[in-house]
Amino acid sequence: MGNHTGMIDWARILILVFTLVEGGWLAFDGTRALVIGEFMTPKSGPYAGQVGPWRHLVQRVGLNPRGTPMKVIFAVYGWAWLLVGVAFAVGARWSWVAMLVAAVGALWFLPIGTFCSLAQIVLLVWLRARL
């Protein structure tokens, strides 16, 4: 049983790390973009000045990837996800579902966000099956 509990603890920690990475980045970059006016982009190289590949998906649904609505989406989604992460960390009953919804909702955030979201979904489902 000790090993089982240890695996559950590690799964919860990894879920929270992915939340901090993805939700934290969305909150930071969205808030920064609202204040400064622009998302962070590479300064040099083939992608200099470009936002991530998620821009293609956002454009397909009719949003300007650099527009204020996207900046608000980033900031609000990120801060809300971090708050859900705090609830998950303290064991709020509703937080598992909220974490799953947040992870599924961020699958569009290519490429790193998609990886983090998929990892969270797998870990959340695994964790739910163990509890």
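Observations
- Gly49 vs. criteria touching a Ser or Thr at 6+ places or on another chain (Cβ under 7 Å), more than 27 Å from Ile121 (Cα to Cα), open to solvent by less than 60 Å² (accessible area, probe 1.4 Å) and in a loop (DSSP other than H, G, I, E, B): yes
- Answer residue from the stretch 6-34, given it is closer than 21 Å to Leu127 by Cβ and aromatic (Phe, Trp, Tyr) and is modelled with the highest pLDDT among those: Phe18
- Criterion violated by Pro111 - all others in (1) farther than 16 Å from Arg12 by Cα; (2) modelled with pLDDT of 95 or more satisfied: (2)
- The stretch 80-108, residues that are small (Gly, Ala, Ser), open to solvent by less than 40 Å² (accessible area, probe 1.4 Å) and either modelled with pLDDT under 95 or closer than 26 Å to His56 by Cβ (or both): Ala102, Ala103, Gly105, Ala106
- Meets criteria (free of Cβ contacts under 8 Å to residues at least 60 places away in the same chain, open to solvent by less than 80 Å² (accessible area, probe 1.4 Å) and either aliphatic (A, V, I, L, M) or under 21 Å from Val84 (Cβ atoms) (or both)) for Thr41: no
- When Asn3, Asn64 are screened for being among the polar types (S, T, N, Q), open to solvent by 60 Å² or more (accessible area, probe 1.4 Å) and modelled with pLDDT of 95 or more, only Asn64 passes.
The values are calculated or read from the model by the stated rules, or taken from the named source; none is laboratory data. Owing to the predicted nature of the structure, the values given are computational and were not obtained by experimental measurement. Glycine also receives a Cβ, built like all others from the backbone with ideal geometry; neighbour counts cover every protein chain displayed. Side chains are part of the model used for accessible areas, which takes the heavy atoms of the whole protein and leaves out ligands, DNA and RNA. Shrake-Rupley method; radii C 1.70, N 1.55, O 1.52, S 1.80 Å.
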